[in-house]
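Notes to accompany the following structure.
The values are calculated or read from the model by the stated rules, or taken from the named source; none is laboratory data. As the structure is a prediction and not an experimental result, all values here were calculated from the model. Here the Cβ positions follow ideal geometry from the backbone for every residue, glycine too, while neighbour counts run over all protein chains shown.
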Amino acid sequence: MRLAFPILIAVTLLMAMSYESEIRGWRDARERSLKADDGWLTVAGLFWLKEGENTFGKDPGNDIVLPDGRARAGTFALRGGKVTVTIPPQDPRAMRSDVEGKPDKVVIKDLTMFVIKRGDRYGIRLRDKNSRMRREFTGLRWFPVKESARVTAQFVVSPSRIPVPNILGQTEQMPSPGYAEFTWEGQKLRLYPVLEEPDARELFVIFRDRTSGRETYGAGRFLYTDIPKDGKLVLDFNRAYNPPCAFTPYATCPLPPKQNQLPVRIEAGELKYADH
C-alpha cells in the first residue's frame with residue numbers, strides 16, 4: 001500500500017509529459033503547415049475581379065501584376081458569376097472557385113493563382129513560393145503548455161445561426177449547434193462554435209479574450225474541437241492559434257462574433273507573431 005502514492009505520482013507525471021509532448025508535436029506541425037509550399041506564408045496577393053476581362057502578367061499595365069512570368073500572360077474573365085481563364089494559345093477554360101470545392105489553379109513558375117468567392121465578390125488569390133513573408137518568417141511563439149488550459153465544457157444543444165463578420169466588412173450567418181459552458185478563473189463563460197460545412201466533423205470556435213491585442217493577435221484566435229460527446233465538449237486552449245491574417249494581408253479572416261468575446265485572459269495557445 002505504501003507504493004500506491006508514489007506510483008500514482010509517477011503515472012500522473014508520465015501522463016503530463018505525454019500530453020505536453022502531444023501539444024508540442026501539434027504546434028510543430030502547425031508551423032510546418034504555415035511554411036509549406038501551399039501554406040499561408042506563400043499568400044502574396046489578392047485581386048478582386050471586375051466584371052469583364054482582367055489581364056494578368058508581369059507588366060505593370062496589367063490589372064493583376066505578377067512578380068514573375070511573361071509580361072502579358074493571360075486574362076481572367078468574370079461574367080455573370082462565372083470565371084474563365086485564357087492563356088494564349090489555349091482556349092478559355094472555366095475556373096471553379098474555393099466555395100465550389102477544390103479550386104482550379106493556374107501555375108506560372110513558382111506562382112499559383114485560383115479563384116475565391118466572398119459574398120458576391122470574386123477574386124484571384126496569388127501564392128508565391130518565394131514570397132517575402134515566407135523568406136522572412138521568424139517562427140511561432142506560444143504560451144507554455146499547461147494542462148489546466150484543457151477544459152471540459154458542458155455542451156448545450158441550441159441550434160441557431162449567428163452572425164460572423166469578416167475583415168472585408170461582410171457578415172455571414174453561420175450555423176451553430178449550441179454553446180459550450182465552462183468555468184475559467186472562477187467565471188462561468190460560454191463559447192458558440194460554428195459549423196464550416198453541414199457535415200463537418202469538427203466545430204470551429206472564433207474567440208477573443210483580454211490577451212487579444214496585447215500578448216496575442218488583436219483580432220482574436222481560432223480553435224477547433226471534436227464534436228460533443230455525451231453532452232461534453234473539450235476546449236483545449238493550448239491549441240488556440242492565430243488566424244491567417246496575422247501573417248499575410250491577403251487573407252479574408254472571419255472575426256469573433258460578439259458572443260465569443262470573453263471578459264477574461266486566456267493565457268494559453270499561440271502568442272502574437274513577432275516579425276521583427
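Please determine, by comparing only the residues of region 154-208 that are among the aliphatic types (A, V, I, L, M) and not in a strand (DSSP E or B), which one is farthest from LYS232 (Cα to Cα). Break it down into steps so the answer makes sense when it comes.
Going residue by residue through region 154-208, those that are among the aliphatic types (A, V, I, L, M) are 156-157, 162, 164, 167-168, 174, 180, 189, 191, 194-195, 200, 203, 205-206.
Okay, now just the ones that are also not in a strand (DSSP E or B), so 167-168, 195, 200.
Numbers: ILE167: 32, LEU168: 34, LEU195: 17, ALA200: 18 Å.
Checking each candidate, the answer is LEU168.
Kindly check whether there is at least one residue in region 253-260 that is more than 22 Å from GLU20 (Cα to Cα), in contact with a Ser or Thr (Cβ under 6 Å, 6 or more places away or on another chain) and at pLDDT 95 or above. Break it down into steps so the answer makes sense when it comes.
From region 253-260, those more than 22 Å from GLU20 (Cα to Cα) are 253-260; that's our starting set.
Add one more test, that the residue is in contact with a Ser or Thr (Cβ under 6 Å, 6 or more places away or on another chain), and what stays is none.
No - not one qualifying residue is present in region 253-260.
Would you say ARG214 is part of a strand (DSSP E or B) and surrounded by fewer than 14 Cβ atoms within 10 Å (Cβ to Cβ)?
On the way: part of a strand (DSSP E or B): no; surrounded by fewer than 14 Cβ atoms within 10 Å (Cβ to Cβ): yes.
Spelling it out, it is not the case that ARG214 is part of a strand (DSSP E or B) and surrounded by fewer than 14 Cβ atoms within 10 Å (Cβ to Cβ).
When the residues of region 71-109 are filtered to those that are basic (Lys, Arg) and in contact (Cβ under 8 Å) with a residue 24 or more places away in the chain, which remaining residue is surrounded by the most Cβ atoms within 10 Å (Cβ to Cβ)?
Step one: filter region 71-109 for residues basic (Lys, Arg), giving 72, 79, 82, 93, 96, 102, 105, 109.
Adding the requirement that they be in contact (Cβ under 8 Å) with a residue 24 or more places away in the chain leaves 79, 109.
Values: ARG79: 10, LYS109: 13.
Only one residue fits best here, namely LYS109.
Please tell me if ALA219 is outside any loop (DSSP other than H, G, I, E, B), touching a strand residue (DSSP E or B) at 6+ places or on another chain (Cβ under 9 Å) and of a type in the set (A, V, I, L, M).
On the way: outside any loop (DSSP other than H, G, I, E, B): no; touching a strand residue (DSSP E or B) at 6+ places or on another chain (Cβ under 9 Å): yes; of a type in the set (A, V, I, L, M): yes.
It is false that ALA219 is outside any loop (DSSP other than H, G, I, E, B), touching a strand residue (DSSP E or B) at 6+ places or on another chain (Cβ under 9 Å) and of a type in the set (A, V, I, L, M).
Are any of the residues in region 204-226 over 15 Å from the mean Cα position of the chain (by Cα), among the charged types (D, E, K, R) and at pLDDT below 95?
No, because not a single residue in region 204-226 is over 15 Å from the mean Cα position of the chain (by Cα), among the charged types (D, E, K, R) and at pLDDT below 95.
Identify, please: which residue in region 248-264 is out of contact with any strand residue (DSSP E or B) (no Cβ under 6 Å at 6 or more places or on another chain) and within 27 Å of GLY39 (Cα to Cα) and is, among those, surrounded by the most Cβ atoms within 10 Å (Cβ to Cβ)?
Among residues in region 248-264 that are out of contact with any strand residue (DSSP E or B) (no Cβ under 6 Å at 6 or more places or on another chain) and within 27 Å of GLY39 (Cα to Cα), the one surrounded by the most Cβ atoms within 10 Å (Cβ to Cβ) is CYS253.
How many residues does region 128-153 contain that are out of contact with any Leu (no Cβ under 7 Å at 6 or more places or on another chain) and in a strand (DSSP E or B)?
Restricting attention to region 128-153, the residues satisfying the condition of being out of contact with any Leu (no Cβ under 7 Å at 6 or more places or on another chain) are 129-130, 132, 135-136, 138-140, 144-150, 152.
Filter once more, keeping what is in a strand (DSSP E or B): 150, 152.
So the count comes out to 2.
One line per residue, one yes/no per condition, for (1) surrounded by 14 or more Cβ atoms within 10 Å (Cβ to Cβ); (2) in contact with a Lys or Arg (Cβ under 8 Å, 6 or more places away or on another chain); (3) under 21 Å from MET133 (Cα atoms):
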{"position": "GLY169", "(1), (2), (3)": "no, no, no"}
{"position": "TYR179", "(1), (2), (3)": "yes, yes, no"}
{"position": "PHE182", "(1), (2), (3)": "yes, yes, no"}
{"position": "ARG208", "(1), (2), (3)": "yes, yes, no"}
{"position": "ALA219", "(1), (2), (3)": "yes, yes, yes"}
{"position": "ALA246", "(1), (2), (3)": "yes, yes, yes"}
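Among strands (runs of 3 or more DSSP E) lying entirely in region 16-80, which contain 1 or more residues that are farther than 26 Å from PRO244 by Cβ?
Working: elements: 43-48, 52-57, 74-79.
Answer list for region 16-80: 52-57, 74-79.
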